[in-house]
Amino acid sequence: MALTSLHFLGAVGTVTGSRFLIEQGDHLVLVDAGLYQGQKELRLRNWQAPTFDVSHLDAVVLTHAHLDHCGYLPALYRAGFRGPIYATQGTIALANIVLPDAGRLQEEDAFHANKYGWSRHTPAVALFTEEEAIAVGALFQPVAFGKDHHISDTLAARFDTAGHILGASSVTMTTDAGRRVVFSGDLGRSNHPLLLPPAPRADCDVLLIESTYGDRNHKDISLDSLASAICRTVERKGTVIIPAFAVDRTELVIHAIQQLERSGAIPIVPVIVDSPMALAALKVYRAARDRRDCELRPEIFGEVDPFTTARLSEAATVDDSKAATARGDSTIVISASGMATGGRVLHHLAKRLPDPRSCVIIAGFQSRGTRGNQLAEGATEVKIHGAYVPVHAEVVAIDAFSGHADSDDLMSWADTSREAPRTSFVIHGEPEASAALRTRLRSAAWTAVIPKFGERVVV
């Protein structure tokens, strides 16, 4: 039996770029292949050649379909990877939406950078193309929750529900020596309005646990802040812009607006979903509800469609998108990306941020360096498409829509197994958040470590 090691290639000291390489002799398996997002020094890592031989990579195991966990897959494909990618059915359905969209945005950004001279590189090129993102989708192999699947000659994987987005899973990797390594993936909240809580943590020798909110707890889920912001904006005849992740966050925001409309807490105004990716993801969630997917809460299977509002419309084309913020009446526009790093929402922000009647609602976690983070922290101007845009609109940050477990949720999940792991690695968090969770784990007499980027350990 060959020695098994774990190589930390991402999501260390940051919440993005999730990549963990398991090595057993000549066998290599990558758990998650995420994009780095946020600060430039992190994003530059996306352009670095893989530190391992892609031709020797047996497989990729994917926890879920957010870009910081799956967005590097087309770049691996460009580098020559043609092996299987194991993921749940929900993850595959969503990844086949978000990856081509990301490729299209990469190409559009490169085109505009060349046209308007935004980039220092001549010519600017895309990290990967839409065609490569579509092609990598053919490598997906569906797996069921709660069953062991052979990933290589020496490794088996079991996927358990993580409650973060549809299809999201925690993964237990078991070696031929019987060693068990659990990757938490991104864990959801115990009171997620649409998804059931994460399955209990599996017994393991080594645990990799996310720490996005390792240093804080969410406030009770309350929609009062959302209702107040919408009412104030409608009263002054402004437009509400909500940068929202296309997967799960858009669904949560629509569901919340529906609840507020039905209770009379907000006036009924047009709600426009302006993101082709979000519209496609909505279809996946609606299909999951129709088949009564085991990940969803039973209460959403009633007669009322949880994914609509009284005046919901879809901006399917570029012209529809342009019309969304050209209206004279008050409108709520939900548009990707959730951290305002790209996509159609940038055009809405460029137009509405200078308008003091308008309101931008920041719905959930924002990585450092992103425009969403800058707005949430009170920036007086942000740079969009090479130009600085003044911020005169009201900006409201609302924690109620976070899809991540908070500090107490993380500790409760970690404690659901009978035994503490031999070693726990705290990952996928900003430094302060990871340090806080490590302290809590150590106070429970656990061996908890924050790994260094590029570190290799024996498991």
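Conditions tested, residue by residue: (1) over 22 Å from Leu166 (Cα atoms); (2) among the hydrophobic types (A, V, I, L, M, F, W, C); (3) out of contact with any strand residue (DSSP E or B) (no Cβ under 8 Å at 6 or more places or on another chain).
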position: Asp305; (1), (2), (3): no, no, yes
position: Ala316; (1), (2), (3): yes, yes, yes
position: Arg327; (1), (2), (3): yes, no, yes
position: Ser335; (1), (2), (3): no, no, no
position: Leu349; (1), (2), (3): yes, yes, no
position: Val360; (1), (2), (3): yes, yes, no
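So for the stretch 182-195 (the condition being more than 20 Å from the chain's Cα centre (by Cα) and in contact (Cβ under 8 Å) with a residue 60 or more places away in the chain), does at least one residue qualify?
No - not one qualifying residue is present in the stretch 182-195.
Of the strands (runs of 3 or more DSSP E) entirely within the stretch 1-73, those holding at least 3 residues that are under 17 Å from Val458 (Cα atoms) occupy 4-8, 19-24, 27-33.
When Ser313 is tested against the conditions (1) among the small types (Gly, Ala, Ser); (2) part of a loop (DSSP other than H, G, I, E, B); (3) touching a residue at least 12 places away in the same chain (Cβ under 8 Å), the lone failure is (2). Checking Ala326 against (1) under 25 Å from Val15 (Cα atoms); (2) among the hydrophobic types (A, V, I, L, M, F, W, C); (3) without any contact (Cβ under 8 Å) to a residue 12 or more places away in the chain: exactly one of these is not met. Which one? In the conditions (1) under 25 Å from Val15 (Cα atoms); (2) among the hydrophobic types (A, V, I, L, M, F, W, C); (3) without any contact (Cβ under 8 Å) to a residue 12 or more places away in the chain, Ala326 misses (1) alone.
For the stretch 353-379, give me each residue that is of a type in the set (A, V, I, L, M) and assigned to a loop (DSSP other than H, G, I, E, B). Within the stretch 353-379, Leu353, Ala379 qualify.
The set of residues from the stretch 1-14 being aliphatic (A, V, I, L, M) and under 13 Å from Ala33 (Cα atoms) comprises Leu9, Ala11. For the stretch 61-83, the candidate set comprises residues that are free of Cβ contacts under 8 Å to residues at least 60 places away in the same chain and either over 18 Å from Met277 (Cβ atoms) or in the same structural domain as Ser337 (by TED's automatic domain parsing) (or both); within that set, the residue that is nearest to the chain's Cα centre (by Cα) is Ala75. Among the residues examined, Gly328 does not qualify as within 20 Å of the chain's Cα centre (by Cα) and at pLDDT below 90. Residues of the stretch 83-140 that are of a type in the set (S, T, N, Q), surrounded by 17 or more Cβ atoms within 10 Å (Cβ to Cβ) and part of a loop (DSSP other than H, G, I, E, B): Thr129 alone.
Within the stretch 211-238, residues that are closer than 18 Å to His428 by Cα reach partners that are of a type in the set (D, E, K, R) with beta carbons closer than 6 Å, at six or more positions or on different chains, in the pairs Tyr213/Asp406; Asp215/Glu432; Asn217/Asp406; Asn217/Asp408; His218/Asp399; His218/Asp406. From the list Ala397, Ala376, the one residue that fits, being in contact (Cβ under 8 Å) with a residue 24 or more places away in the chain and of a type in the set (Gly, Ala, Ser), is Ala397.
The values are calculated or read from the model by the stated rules, or taken from the named source; none is laboratory data. Keep in mind that what you see is a predicted model, and the values were worked out from it rather than measured. A quick note on method: Cβ atoms are made from the backbone with ideal geometry, for glycine too, and the neighbour counts reach across all protein chains shown.
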